[in-house]
Amino acid sequence: MKRYVKMSQLYAPTLKEDPAEAELVSHRLLLRAGFIRKGASGLYSYLPLAWRSIRKIEQIIREEMEEIGAQEMQVPILTDGELWRQSGRWGAYGPELMRLNDRHEREFALGPTHEEAFTDLVRNELRSYKQLPVTLYQIQDKFRDELRPRFGLMRSREFIMKDGYSFSADQESLQQCYDEEAAAYAKIFKRCGIYALPVAADSGQIGGNTSVEFMAVADAGEAELVYCDKCGFAADTEAATARPVLSEGEAGDLEKVATPGAGTIADVARLLEVPENGTRKALALVDGEGNNVVVFVPGDHDMNDVKAEHAFGNYHMMTDEELQLAGLVKGFIGPVGLPEGIRVCADQSLRDSQWWLVGANEKDFHFMHAKQGRDFEIPEWVDVITAKPGDLCPTCGKPLKGARGIECGQVFQLGTKYSAAMGATFADVDGHDKPFLMGCYGIGVSRTLAAVVEQHNDGNGIAWPVSVAPFEVEVLPLNVGDDMVWPEAQRLAQSLVDAGLEVVVDDRKERPGVKFADADLIGLPYQVVLGKRGVKEGVAEVKNRATGERQDVALDQVAAVLTEKVIAQR
Ligand code: ATP
Ligand code: MG
């Protein structure tokens, strides 16, 4: 027979005080509410409450993977160093890869991801195009010796990941596997109660060319995003091609104006009473080949490093000395009358802007009404600015919103990067051996748990969405010692269990205030409060943790009412 769990026996040691080391809400609440405990830096135990939620997230993943025909399996966590050499990552992965030797001095790595292991697995036994495509996945602990393990489950050194790998015969099939996987991911996060934006991503360490990251929107996120709530466009501010809203300078003859001491955009804008986006900012740098470069960007936008490296290679901003040597006047650089020998470019967003307010290449002077094509030319256009909220959506033109995001999952098209390097081939229709086209697909399961908490909490604690809540209902008898209340509470709890709900009963002899506080802290979706008055009148109070909504429900109706509510949200 299924039973409810007694709070007195549940291993969920709550903390009265906020743990000092926890900066993030999720980290703090998961520690305080007795979900996780730290072993060493970046290593956590999942206590029973967390483990139940983790298992639910995994179950959601399993169901959605089954929908798209991905097959679950398991490879060893420990991977042979030789495989990493074959792929070229033994060196490339760097100190994040946790390495160890066995007693025979053979090298191994604790898998941070398993492209090598899966490619090795199939390379001798998946032989014919007739068997393709195949998608395999596992849910397993991963290891990364992060430079700065922090924020609890968010960035740990041992964490749970679902990682999947698809093997296809051609690009069309890879695209299909990838699209199905991406669609499944969107469903998984939604079912977990996470609002996630799919963001086009640079593929980074793992390689390949087409990739999307699923970013849970939360202030705690490390990534800065812009998104469009009209058409669904979303991008990292550092990757998006920005369409800033520009204000044009006025038309007129080129006019030199005195701007004494106004060497910053803010100063100039204030002095000349123009908006910052009506000015053009000049940045001076030395590109990877040693050329002096001046690049113009909208006054209210910044250049970012990632894009600048694309455009300028291994560049650096000019020092005061380098500025002087190049004949440039700090704070007053403009496109009219620049010294010789400078590589001049501007951000693509300024291409259609005619009238510029710019420095006059003379200390304490600016030019107004500098006209592109008349007073100066821009010989080279680059894409270097960071997008920001208020810029226009590159897809539909509506203003973008800003958000921060937690990367909970990522899908990549790897192509033949690993199969070619590791000699994993299949016999194609034409009889020729070809390397598999691979995709890889990861979800940070433990990070996702933390992301759920980031999105579902209030001043009192966590407010779990039903789908991933450790239990669904907490029964709170206000007076356990009372010989009416306690037996009725037990009966009530058992009726909920019999109706298929997951139930905890707070059987502790604590004051009601303590019980309420703990119930709100742990955050099960529904609380059923039963006191003396309730027993007499035959009612319990049902509270929705997330909304705070309360209703009195007849004792013999509680199971029916809650089942209906809970099932709809599972
Ligand atoms: P990040 O940029 O945050 O370091 P990543 O892009 O290196 O992550 P992937 O290789 O894409 O990570 O791994 C797949 C997923 O595993 C990530 O989307 C993330 O949810 C999770 N993950 C990665 N590193 C960690 C970590 N140190 N702790 C917890 N989860 C992690
Ligand atoms: Mg990633």
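The table below lists the values:
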item: Rg to Rh quotient for region 471-569, alpha carbon positions, Kirkwood Rh; result: 0.92
item: Antiparallel DSSP beta bridges within the chain, percent to nearest 5; result: 80
item: Nearby aspartates and glutamates by direct alpha-carbon distance to K363 (threshold 17 angstrom, same-chain neighbours under 8 apart not counted); result: E255, D267, D320, E321, E322
item: Interatomic Cα distance distribution for region 139-196, bins of 10 angstrom, percent; result: 19, 32, 35, 14, 0
item: Using θ = phi - 60° and Karplus 6.51 cos²θ - 1.76 cosθ + 1.60, couplings along region 479-484 (whole Hz; Gly, Pro as x); result: 9, 5, x, 6, 7, 9
item: Unsatisfied cross-links (Cα-Cα over 30 Å) in the set K142/K509; K16/K532; K388/K565; K56/K536; result: K142/K509; K388/K565; K56/K536
item: Cα gyration tensor, region 255-382 - rounded (a/c under 1.5), prolate or oblate; result: prolate
item: Gyration tensor verdict on region 102-221 (Cα atoms; rounded if a/c is under 1.5, prolate if a/b is larger than b/c, oblate otherwise); result: oblate
item: For the chain, calculated [θ]222 nm from helices alone, where every DSSP H run of n ≥ 4 adds -39500 (n - 2.57); result: -8000 deg cm²/dmol
item: In order through region 326-332: 3J(HN,Hα) via Karplus (6.51 cos²θ - 1.76 cosθ + 1.60), integer Hz, x for Gly, Pro; result: 7, x, 9, 9, 3, x, 9
item: Rounded to the nearest 10 Å², the accessible area of L29 at probe 1.4 Å; result: 10
item: Percent RCO, i.e. relative contact order, over region 471-569, from Cα pairs under 8 Å lying at least 6 residues apart; result: 31
item: Quotient of C-alpha Rg and 2.2 N^0.38 Å, computed over the chain; result: 1.21
item: Y315 long-range amide H proximity, modeled H, under 5 Å; result: G288
item: Sequence of H310, H301, H432 when ordered by accessible area, the most exposed leading, probe 1.4 angstrom; result: H310, H432, H301
item: D (Stokes-Einstein, µm²/s), Kirkwood Cα radius, region 172-294, 1.306 mPa s at 10 °C; result: 83
item: Whole-Å semi-axes of region 1-134's equivalent ellipsoid (Cα gyration tensor); result: 37, 24, 13
item: Average silhouette area of region 343-383, convex hull of alpha-carbon atoms, in square nanometres; result: 3.2
item: Angstrom value of the Kirkwood radius, inverse mean 1/r, which spans all Cα pairs in region 383-461; result: 17.3
item: Rounded to the nearest 10 Å², the accessible area of T319 at probe 1.4 Å; result: 70
item: Accessible surface of C177 - all protein chains present, 1.4 Å probe, nearest 10 Å²; result: 20
item: 5 angstrom amide H check on D229, placed H, neighbours 5+ away; result: K401
item: Amide H partners (placed H, <5 Å) of G415, local residues excluded; result: M438
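The values are calculated or read from the model by the stated rules, or taken from the named source; none is laboratory data. Computed from a predicted structure; not experimentally measured. Please note that ligands, DNA and RNA were not included when accessible areas were found on the heavy atoms of the full protein model with its side chains. Shrake-Rupley method; radii C 1.70, N 1.55, O 1.52, S 1.80 Å.
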